[in-house]
Amino acid sequence: MAIQDLLTSTVIAALVAGFVAFRSSERKLQIENVTQERAKWREKIRANALLVHLAAVSHQPAKLDELHLIFQLLLNPFDEEDKLILQTIKDLRNVGNPKPRLPEFSGRIAFLLKHDWERAKHEAKPWFLALRAPKRKAYT
């Protein structure tokens, strides 16, 4: 009976170790892939934000329309702060002097990027340290 107990406990230990190893490697791959894609997304946001700034300063409404569409495809259509970024781009197109609105646009983009960075750091933490997901702060 002692050999059966030993074999049973060995099999259970091997199954648990295999499951832990599988879960660990799966999580590592997920974190690496998601982190890389998020880094690319943040870079697209930065590059397009610069283009919005340049188009607004040089009074190019057609370019602002194009950039509005790009941001519409990159941002979350259900998030209120993201909707306000899109509204700010529309406002930059429709006002005579967009320069007073540019700090609002860059501020909203900065808040978006900071939130995404905090989210990426949170997701990379081990599950037992990741207590609360970071909440996005509203631009005021």
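The values are calculated or read from the model by the stated rules, or taken from the named source; none is laboratory data. All values derive from a computational prediction rather than experimental measurement. Counting neighbours? That spans all protein chains shown, and the Cβs are built from the backbone with ideal geometry, glycine included. All accessible areas refer to the heavy atoms of the entire protein, side chains included, with ligands and DNA or RNA removed. Shrake-Rupley method; radii C 1.70, N 1.55, O 1.52, S 1.80 Å.
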Matching residues, segment 85-140, being of a type in the set (A, V, I, L, M, F, W, C) and open to solvent by less than 40 Å² (accessible area, probe 1.4 Å): ILE85, LEU86, ILE89, LEU92, LEU102, PHE105, ILE109, LEU112, LEU113, ALA120, ALA130
Boolean, SER25 is of a type in the set (S, T, N, Q) and more than 29 Å from GLU118 (Cα to Cα): no
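Looking at LEU113, is it at pLDDT 95 or above and under 29 Å from GLN30 (Cβ atoms)?
For LEU113, the condition - at pLDDT 95 or above and under 29 Å from GLN30 (Cβ atoms) - is met.
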Criterion: more than 14 Å from the chain's Cα centre (by Cα) and modelled with pLDDT of 95 or more - qualifying residue of LEU69, LEU74: LEU69
Residues of segment 28-46 satisfying the condition of being under 30 Å from LYS99 (Cα atoms) and either open to solvent by 90 Å² or more (accessible area, probe 1.4 Å) or hydroxyl-bearing (Ser, Thr, Tyr) (or both): LYS40, GLU43, LYS44, ARG46
Subset of segment 47-83 (residues that are within 20 Å of THR140 (Cβ to Cβ) and crowded, with 16+ Cβ neighbours inside 10 Å): ALA49, LEU75, GLU81, ASP82
